[in-house]
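**Q** My questions will all concern the structure given below.
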Amino acid sequence: MLITERRCIILLSTITLGLYIKFGIALSSYFNIYILITPLYFFTIFYINKSIDRIERVELAVSSCLDESEFNVIDKIEQLRKYFYNTTDVIEYLFVVDTRLLTYVFNQSNLNLKYKDFVSGAITCLAIYKQYGGGCYFNIDIVSISKEDKISTLLSTLYMVSKQIDSGSDIIYITSRQIDDGVYIDVTDKYHSSSQGDTFCKKLLDIFSNNQFILSSKSV
């Protein structure tokens, strides 16, 4: 359903309810019920509208990533290079993470998504590219994070999730927790974290950390 059509339906239903309440007061003895129901009705309509709009934005972000041409990926790789010390690290990262995901990560419109939506949309693209049939579960508690840190955290998460998929995990748990000036991320299956024994993953987290923002892997 188009956004305009949905909003028209909400507006008409709201007007209808308002007229019903206005004329119902004179005809009914259940005015107190109307008073209780009306705020709940408006809250429900607002919540549904907000949720649908959020879902549509994530779906649009995923579709844009999947429809992106291979030619545009080259520009995104150049943007990725800014986050690494040398070309060797870039190659090692892209050996695990599909280059097409960079079109999602570095899309300016996607950066305006809430952090959880930003991550879940990227993981959806990753699962489609890798034809992953398992389940991903999110436990994300990020209050405020800059766009640069948003990107570096997602890049780390994509690497860790890709490693879990490649290892054959059927169920993946993705956790992000903001504590003081740092973010702790942990990507696990039923048995172990993807960062365990992965020296490049630890190096990756160090690369993406700075004096104001610490990124580390930890079971939280």
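The values are calculated or read from the model by the stated rules, or taken from the named source; none is laboratory data. Please read these numbers as outputs of a predicted model, since none were measured by experiment. Heads up, the Cβs are rebuilt from the backbone with ideal geometry, glycines too, and the neighbour counts pull from every protein chain shown. For the accessible areas, the whole protein counts, side chains as well, though only heavy atoms, and no ligand, DNA or RNA atoms are used. Shrake-Rupley method; radii C 1.70, N 1.55, O 1.52, S 1.80 Å.
**Q** Suppose we filter Asn112, Asn139 for residues that are in the same structural domain as Thr175 (by the TED database), without any contact (Cβ under 8 Å) to a residue 12 or more places away in the chain and open to solvent by 10 Å² or more (accessible area, probe 1.4 Å); which single one remains? Spell out how you get there, then give the answer.
**A** Numbers: Asn139 fails: without any contact (Cβ under 8 Å) to a residue 12 or more places away in the chain.
From the options Asn112, Asn139, the qualifying one is Asn112.
**Q** Considering only region 115-143, state which residues are at pLDDT 90 or above and part of a loop (DSSP other than H, G, I, E, B).
**A** Once the filter is applied, which keeps residues that are at pLDDT 90 or above and part of a loop (DSSP other than H, G, I, E, B), region 115-143 yields Lys130, Gln131, Tyr132.
**Q** For region 65-85: of the residues being among the charged types (D, E, K, R) and part of a helix (DSSP H, G or I), which is surrounded by the most Cβ atoms within 10 Å (Cβ to Cβ)?
**A** In the first step, residues of region 65-85 are kept if they are among the charged types (D, E, K, R); the result is 67-68, 70, 75-76, 78, 81-82.
Filter once more, keeping what is part of a helix (DSSP H, G or I): 67, 70, 75-76, 78, 81.
Details: Asp67: 8, Glu70: 9, Asp75: 11, Lys76: 19, Glu78: 11, Arg81: 13.
The qualifying residue surrounded by the most Cβ atoms within 10 Å (Cβ to Cβ) is Lys76.
**Q** Please state which of the following conditions Val62 fails to meet, knowing it meets all the rest: (1) within 25 Å of Ser194 (Cα to Cα); (2) outside the structural domain of Tyr159 (by the TED database); (3) surrounded by fewer than 18 Cβ atoms within 10 Å (Cβ to Cβ).
**A** (3)
**Q** Against the definition (more than 24 Å from Asn107 (Cβ to Cβ), modelled with pLDDT of 85 or more and loosely packed, with under 13 Cβ neighbours inside 10 Å), how does Thr44 come out, yes or no?
**A** Working: more than 24 Å from Asn107 (Cβ to Cβ): yes; modelled with pLDDT of 85 or more: no; loosely packed, with under 13 Cβ neighbours inside 10 Å: yes.
Taking the combined requirement at face value, the residue does not satisfy it.
**Q** Return the residues of region 86-109 that are more than 12 Å from Tyr129 (Cβ to Cβ) and assigned to a helix (DSSP H, G or I); say none if nothing qualifies.
**A** Once the filter is applied, which keeps residues that are more than 12 Å from Tyr129 (Cβ to Cβ) and assigned to a helix (DSSP H, G or I), region 86-109 yields Thr87, Thr88, Asp89, Val90, Ile91, Glu92, Tyr93, Leu94, Val105.
**Q** Pairs needed: first member in region 71-95, free of Cβ contacts under 8 Å to residues at least 24 places away in the same chain; second member anywhere, surrounded by 14 or more Cβ atoms within 10 Å (Cβ to Cβ); C-beta distance under 6 Å; at least 6 residues apart or different chains.
**A** Arg81/Val90; Val90/Phe84
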